[in-house]
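Right, one structure below, let's go through it.
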Amino acid sequence: MSFYVTTPIYYVNAAPHLGHAYTSIAADVLARHHRQRGEDVFFLTGTDEHGEPVAIAAEEQGVSPLELADRNSQRFRDLMPLLDVSNDFFIRTTDPEHVRRVQEILVRVRENGYVYEGTYEGWFCPRCADFKTDAEIGPDHTCPIHKIPLIREREENYFFQLSAFQGELEKLFDENPDFVKPRHRFNEARSFLAGGLQDVSLTRPKLRWGVEVPWDRSQVFYVWFDALLNYVTALGFARGKQQDLTQEFWPATYHLIGKDILKFHTIYWPALLMAAGLEVPRHVFVHGFLLAPPTNPGDELEKMSKSRGNVIDPFKVIEDFGSDALRFYLLREVNFGHDGPVSEGGFLTRYETELANDYGNLASRTIAMIVRYRDGELGATELDAELIAEFEELPEIVAGHLDGAELTPALEEIWKRIRRLNRYVEEQAPWKLAKDPERAADLDRVLATLHEGIRVITVLLTPYLPAATEKLLAALGRPETAWEDVRCTSAPISVQPLEPLFPKR
C-alpha cells in the first residue's frame with residue numbers, strides 16, 4: 001500500500017515562520033506513522049518561487065527574483081531537519097524538470113479544449129497572487145485576507161475553462177464527502193462551488209517571472225497553475241529522470257493546506273487535473289490558523305504578527321527546548337483543522353505539565369525503580385490484565401484517527417493512557433511493595449506492566465516525538481518501532497538509566 005502526503009509549497013517572498021513549521025510537522029507525523037505501518041510513503045514539501053509577490057519582494061530588496069528565491073528556498077530547506085521532518089523530496093518550482101513538466105501538462109489541457117484567448121478585467125491581490133470574485137472583495141475594494149487595496153487589472157491573456165467542470169466537481173463532492181476535510185471546510189468549498197464557477201486566467205502577459213507559455217512566449221503561466229502542478233511533477237523526477245514514481249503514488253492521499261488557499265486546492269486543482277486527464281487527490285485536509293491570545297481581556301483572537309510582537313519563534317523554541325517540544329505543543333494545543341491560540345505561556349505549561357511531568361517523569365521513575373529494585377533486569381513476567389486491557393484497542397484507535405488526519409484526537413488517546421499509567425503508579429505504590437519480600441511477584445508484575453505500557457505508548461508517539469522516543473525506547477531495551485511492536489507482551493526486560501527526556505526549565 002502507498003501513502004503520499006504533501007505540504008503546500010511555501011512562498012519565498014519571506015522567510016519561514018511558525019505556520020510553515022505547523023504544516024510541515026503535521027505532514028511529517030502522518031508520513032512517519034504510515035511508514036511505521038509498513039506502507040510505501042512519499043512525503044513532499046518545497047518552495048513556490050514564481051509570481052508577482054516574489055518579483056515585488058525581490059525588487060524591494062534590490063536583488064533578482066532568482067537570487068531571492070535561492071536565498072529563501074534554502075531557509076525553508078534548512079528548516080526541515082531542524083523540525084526533524086523526514087520529507088522524501090524538496091521541490092523548487094524553478095527546477096528545470098518542474099518547468100518542463102508544467103509546460104507539458106498545460107499544453108495537454110489546451111489540446112483537450114479547455115484553454116481559450118480572451119480579455120480579463122478584475123480586481124487583483126498581489127499578495128495572494130489571486131484575481132478576486134465579487135464575493136471575495138472586502139470593503140473599499142480590499143483583500144479580506146491581507147487587508148490591502150486590490151489592483152484593477154485589464155489583460156489580454158489565456159483562460160482556463162473552469163466553468164466546464166461545474167458538474168464534474170459537484171459530482172466529486174457529492175460522491176466523496178471526505179474529499180475535503182474537516183467537514184466545515186468541505187462545506188465552505190461546496191458553498192463556493194454552489195455559487196457557480198467562472199473561467200479564470202491561466203496566463204499573465206505583464207509578468208516575466210514565471211513559467212513561459214510554450215504556444216505564446218509573450219506570456220507566463222499564472223503562478224497558481226504552476227504551483228499546484230508541483231504535486232504531480234515532483235513524482236516524475238524526485239528520484240532522477242529514470243525513475244518515475246507517478247504510477248506508484250498518484251493520486252495523492254493527503255494534501256495538507258492552510259485555509260487561506262482552500263479555493264485553489266479544492267476547486268481549481270481538481271478541475272485542472274480533470275482537464276489534463278489525471279486523477280484527483282483522495283483528500284485535501286485544511287487546517288486553521290495559529291492565533292495569538294487577545295491583547296486585552298474580551299478582545300478577539302488575532303493572527304500572529306511580528307509587528308505586534310505576539311509570534312512564537314520556532315527557531316528559539318527548538319534552540320531552548322528541542323524540536324520534539326515544538327512538534328508536541330502545536331499538535332496538542334490546537335485541534336488540527338481548526339483555528340486556535342498559541343502562546344509562550346501555553347507552551348511552557350504544556351511542556352512542564354505534560355512532557356516533563358506526565359510522560360518524562362513517568363518514564364524516569366519506572367526505569368529508576370526497575371534499576372533500584374531489580375538491578376535493571378526482569379524475566380518474562382505476567383502483566384496486569386486489567387490495566388493492559390485498556391491498551392488493547394489503542395493501536396486501532398490511533399490508526400483510525402490518523403487515517404483521517406485527526407492528529408490531535410490521536411494524541412489525546414495516547415495521553416489518556418499516559419495519565420492512566422501515572423494513576424497506576426500511585427495506586428500500586430511499588431515503593432511499598434518493595435519493602436515486603438512476600439510481595440515480590442506483585443512488584444515484578446507492576447514494574448513489567450509499567451514498562452510495557454510506557455513502551456507501547458512510546459512506539460505510538462514515535463511519529464510525534466521522534467528524538468525523545470528513540471532515547472526512551474533504547475533505555476527500555478526495546479528500540480523497535482514497527483507496527484507489530486504496539487502490543488503489550490510478556491518478555492524479558494533489561495533497562496538502562498535514563499537522563500530526563502524533557503528537563504525542567
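Any read-out appearing in this document is the output of simple, stated calculations on the displayed coordinates, not a laboratory observation. Computed from a predicted model, the values in this text were never measured in an experiment. Note that each Cβ is placed from the backbone with ideal geometry, even for glycine, and that neighbours are counted across all protein chains shown.
The calculated 222 nm mean residue ellipticity attributable to helices in the chain amounts to -13500 deg cm²/dmol, summing -39500 (n - 2.57) over DSSP H runs of n ≥ 4 and dividing by all residues.
Listed values for region 253-268 are Karplus-derived 3J(HN,Hα) couplings in whole Hz (6.51 cos²θ - 1.76 cosθ + 1.60, θ = phi - 60°), namely 6, 9, 9, 9, 9, x, 5, 6, 10, 4, 4, 5, 8, 9, 10, 4, and x replaces Gly and Pro. Size estimate for region 39-180 follows the Kirkwood approach: the inverse of mean 1/r over distinct Cα pairs works out to 18.7 Å. Computed over the alpha carbons of region 26-107, Rg followed by Dmax gives 15.7, 49 Å.
Comparing Ala440, Gly477, Ala389 along the charge dipole axis of region 344-494, the residue lying farthest to the positive side is Ala440, per the Cβ-charge model. Along each principal axis, taking the top coordinate minus the bottom one, the Cα set of region 420-505 gives 41, 36, 23 Å in descending order.
Considering only alpha-carbon pairs that sit under 8 angstrom and 6 or more positions apart, the relative contact order computed for the chain is 15 percent.
Counting only DSSP beta bridges with both residues in the chain, the antiparallel share comes to about 50 percent.
Direction-averaged shadow area of the convex hull around the Cα atoms of region 344-494, nm²?
9.0 nm²
What residues have an amide H closer than 5 Å to that of Leu291, excluding those fewer than 5 places away on the same chain, when H is modeled at 1.01 Å from N in the peptide plane? Under 5 Å from the amide H of Leu291 lie the amide H atoms of Gly340, Val342, each far enough along the sequence or on another chain.
Evaluated at q = 0.06, 0.12 Å⁻¹, a Debye calculation over the C-alpha positions of the chain (equal weights, vacuum) places log10 I(q)/I(0) at -0.33, -1.09. Using only Cα atoms, locate the centre of region 444-492 and the centre of region 323-365, then give the distance between them in Å, rounded to an integer. The two parts, judged by their Cα centres, are 20 Å apart. Sorted ascending by nearby beta carbons within 10 Å, beginning with the fewest, Met1, Met369 become Met1, Met369. Roughly speaking, what % of Cα-Cα pairs in region 317-377 are separated by over 13 Å, rounded to a whole number? Of all Cα-Cα pairs in region 317-377, 67 percent lie more than 13 Å apart. Note on region 2-287: Kirkwood hydrodynamic radius from all Cα pairs is 19.3 Å, rounded to one decimal. Across all directions, the average flat footprint of the convex hull enclosing the Cα atoms of region 230-296 is 6.1 nm².
Scanning the chain for helices, which whole DSSP H stretches are 20 Å or more long along the axis (Cα) and average -1.0 or more by Kyte-Doolittle?
Result, helices passing both filters: 18-36, 65-82, 96-111, 407-428, 440-461.
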